[in-house]
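J.: For reference, the structure I am asking about is given below.
The values are calculated or read from the model by the stated rules, or taken from the named source; none is laboratory data. What you see is a predicted model; the values in this text were computed from it and never measured. Because the Cβ atoms are built from the backbone with ideal geometry, glycine has one as well, and the counts that use them run over all protein chains shown. These area figures cover heavy atoms from the full protein model, side chains too; ligands, DNA and RNA do not enter into them. Shrake-Rupley method; radii C 1.70, N 1.55, O 1.52, S 1.80 Å.
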Amino acid sequence: MKTKTRVLHIITDLPIGGAQDNTLYTLELLDREKYDVAFACNMSGEYLERAQAIQDCKIYDIQSLERAINPLNDWKALKELIKLIRKEKFDIVHTHSTKPGVIGRLAAYLVGTPIVIHTVHGFPFHDFMNWMKRELYIAIEKIINIKTTHLITVSTLNLKKIVDLKMANADKITNIYSGIDVDRFSSSQKKDLHQELNLSADTKLVGFIGRFSEQKSPFTFLEAIVQVVKEVKNSHFIFVGDGPKKEEMLAFVKANKIEKHISFLGYRHDVHEILHGLDLFALSSIYEGLGRSVTEALCCKIPVVATAVEGVPELVIHHKTGLLVEPRNSDQFAESLLFALNNSKAMKQMAEAGYLFVKENFQVKDMVDNIDALYTRLSD
């Protein structure tokens, strides 16, 4: 009998997010006839129960693995991962996101793991950060990529960026779109948000789903809302999620007297139903690997206004599958929101085209099959 391939996936922690969703789907769906599957992360966050429910998957809780740079905890995490990988003798170590991507790959290299793979869910650097810090992050990625067997990107634009920045050669990278459960999102019931929020039936609903962080640039969206509500009185804006910018956002809403136009719903487990209840979805990020929430919105045939960053233009093609705006340009964001709210027929046609693209390219089973094929190819 052929010995199963031993695979360890590593990620930071388990908040609701695209990288976490991608990783958990992979752990859930990899063929147990071929693979012994294990998972290491800081076991905290909204996806904790989902991770614990995965069948035939060994879980290792690395409490010292955290998002923020902390030399002491980072050193502890490195030592724990070295000890784990050395003891379990994994054939493949597959890391996700920036911090685990550096620490996990370094641990695997030092132990001598045969195959080390990293999925680039997004870049740790962007155009709005200090240039010295940006160049440092690029240099670190270049160095660690040398010790990596293969990279996976979640958009071809991300792949192109890696090659253009000479962070790795194209033959060392495979693009595998980050899959979603297309059937679940496309066929889900519609949440009656008008009733839940006590809004009139003619209210136009615009949604934002994600972490309230610098990355998502929520104040670009909020500044645009201040302009939009002056012209579209029956518009209402829904924020689903939480994060470090929450209190500042609440203060902004109060200071600009737009409370009656805004609802904060917190983390929700019925996002697929909420999406179906929207008239428009908005993404104001300053950087994204691809924009999983956009994928999900288009899967529900909901029109999208999004910033043209990283992999997003691969999903949102301007005036074909949605509207694109410059990052941190609240005036342009407001302009596009107003166009979308006043041209629902045209926006619905764009959303239909976006849905067909997502249905063709983002099936979660295809994603896991492609990862399986990559594992097999690299193992031969």
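J.: Could you please tell me which pairs satisfy a Cβ distance under 8 Å, a separation of 6+ or placement on different chains, a first residue in the stretch 298-322 that is at positive phi, and a second residue that is of a type in the set (D, E, K, R)?
T.: Note: pairs meeting the criteria are 301/348; 301/352; 310/161; 310/288.
J.: Shifting gears a bit: It is to be established whether one or more residues within the stretch 260-272 are touching a helix residue (DSSP H, G or I) at 6+ places or on another chain (Cβ under 6 Å) and on the phi > 0 side of the Ramachandran plot.
T.: no
J.: Okay, moving on. Can you find, within the stretch 295-327, the residue that is nearest to residue 282 (Cα to Cα) among those that are among the hydroxyl-bearing types (Ser, Thr, Tyr) and under 17 Å from the mean Cα position of the chain (by Cα)? I'd like the intermediate steps shown before the answer.
T.: Filtering the stretch 295-327 down to residues among the hydroxyl-bearing types (Ser, Thr, Tyr) leaves 295, 307, 321.
From what is left, the residues that are under 17 Å from the mean Cα position of the chain (by Cα) are 295, 307.
Numbers: 295: 12, 307: 9 Å.
The qualifying residue nearest to residue 282 (Cα to Cα) is 307.
J.: Separate question: So how many residues does the stretch 244-280 have that are part of a strand (DSSP E or B), touching a Phe, Trp or Tyr at 6+ places or on another chain (Cβ under 8 Å) and buried (at least 17 other Cβ atoms within 10 Å of the Cβ)? Walk me through how you get there before you give the answer.
T.: Looking only at the stretch 244-280, we keep the residues that are part of a strand (DSSP E or B), and these are 262-266, 280.
This time we only want the ones that are touching a Phe, Trp or Tyr at 6+ places or on another chain (Cβ under 8 Å), so: 262-265.
Imposing the further condition that a residue be buried (at least 17 other Cβ atoms within 10 Å of the Cβ) reduces the set to 262-263, 265.
Result for the stretch 244-280: 3.
J.: Only one of (1) buried (at least 16 other Cβ atoms within 10 Å of the Cβ); (2) in contact (Cβ under 8 Å) with a residue 12 or more places away in the chain is not met by residue 134, so which one is it?
T.: Result: residue 134 passes all but (2).
J.: Quick one: how many residues across the stretch 301-319 are open to solvent by 10 Å² or more (accessible area, probe 1.4 Å), more than 19 Å from residue 218 (Cα to Cα) and outside any helix (DSSP H, G or I)?
T.: So the count comes out to 4.
J.: If you take the residues in the stretch 137-173 that are of a type in the set (S, T, N, Q) and closer than 30 Å to residue 271 by Cα, which one is most open to solvent (accessible area, probe 1.4 Å)?
T.: Filtering first and then ranking leaves 156.
J.: Within the stretch 147-173, can you find the residues that are in a loop (DSSP other than H, G, I, E, B) and of a type in the set (Lys, Arg)? Give the steps one after another, and end with the answer.
T.: Just the residues of the stretch 147-173 that are in a loop (DSSP other than H, G, I, E, B), to begin with: 147-149, 154-155, 165-169.
Correct list: 147, 166.
J.: Further question: For residue 100, work out the one condition from (1) without any contact (Cβ under 8 Å) to a residue 40 or more places away in the chain; (2) open to solvent by less than 90 Å² (accessible area, probe 1.4 Å); (3) part of a helix (DSSP H, G or I) it doesn't fulfil.
T.: That leaves (1) as the condition not met.
J.: Mind checking whether some residue in the stretch 104-111 is among the hydroxyl-bearing types (Ser, Thr, Tyr), farther than 23 Å from residue 175 by Cβ and in contact with a strand residue (DSSP E or B) (Cβ under 8 Å, 6 or more places away or on another chain)?
T.: Yes, the conditions are met somewhere in the stretch 104-111.
J.: Here's something else I'd like to know. Here are some residues: 39, 125. Which one is among the aromatic types (Phe, Trp, Tyr), assigned to a loop (DSSP other than H, G, I, E, B) and open to solvent by less than 10 Å² (accessible area, probe 1.4 Å)?
T.: Only one candidate qualifies: 125.
J.: For the stretch 221-243, name all the residues that are open to solvent by 10 Å² or more (accessible area, probe 1.4 Å) and within 30 Å of residue 126 (Cα to Cα).
T.: 223, 226, 227, 242, 243 - these are the residues of the stretch 221-243 that are open to solvent by 10 Å² or more (accessible area, probe 1.4 Å) and within 30 Å of residue 126 (Cα to Cα).
J.: Does residue 323 satisfy the criteria of being among the hydrophobic types (A, V, I, L, M, F, W, C), open to solvent by less than 10 Å² (accessible area, probe 1.4 Å) and out of contact with any helix residue (DSSP H, G or I) (no Cβ under 7 Å at 6 or more places or on another chain)?
T.: It is false that residue 323 is among the hydrophobic types (A, V, I, L, M, F, W, C), open to solvent by less than 10 Å² (accessible area, probe 1.4 Å) and out of contact with any helix residue (DSSP H, G or I) (no Cβ under 7 Å at 6 or more places or on another chain).
J.: Looking only at the stretch 5-36, count how many residues are part of a helix (DSSP H, G or I), farther than 16 Å from residue 100 by Cβ and out of contact with any Gly (no Cβ under 9 Å at 6 or more places or on another chain). Lay out the reasoning, then the answer.
T.: Kept after step one, since they are part of a helix (DSSP H, G or I), are these residues of the stretch 5-36: 18-29.
This time we only want the ones that are farther than 16 Å from residue 100 by Cβ, so: 25, 28-29.
Checking which are out of contact with any Gly (no Cβ under 9 Å at 6 or more places or on another chain) leaves us with 28-29.
Counting residues in the stretch 5-36 that are part of a helix (DSSP H, G or I), farther than 16 Å from residue 100 by Cβ and out of contact with any Gly (no Cβ under 9 Å at 6 or more places or on another chain) gives 2.
J.: Moving to a separate point now. Among all residue pairs at least 6 apart or on different chains, which show Cβ distances below 8 Å where the first residue, located in the stretch 24-40, is under 15 Å from residue 88 (Cβ atoms) and the second is open to solvent by 40 Å² or more (accessible area, probe 1.4 Å) and of a type in the set (Phe, Trp, Tyr)?
T.: Within 8 Å, the pairs are 38/60; 39/60; 40/60.
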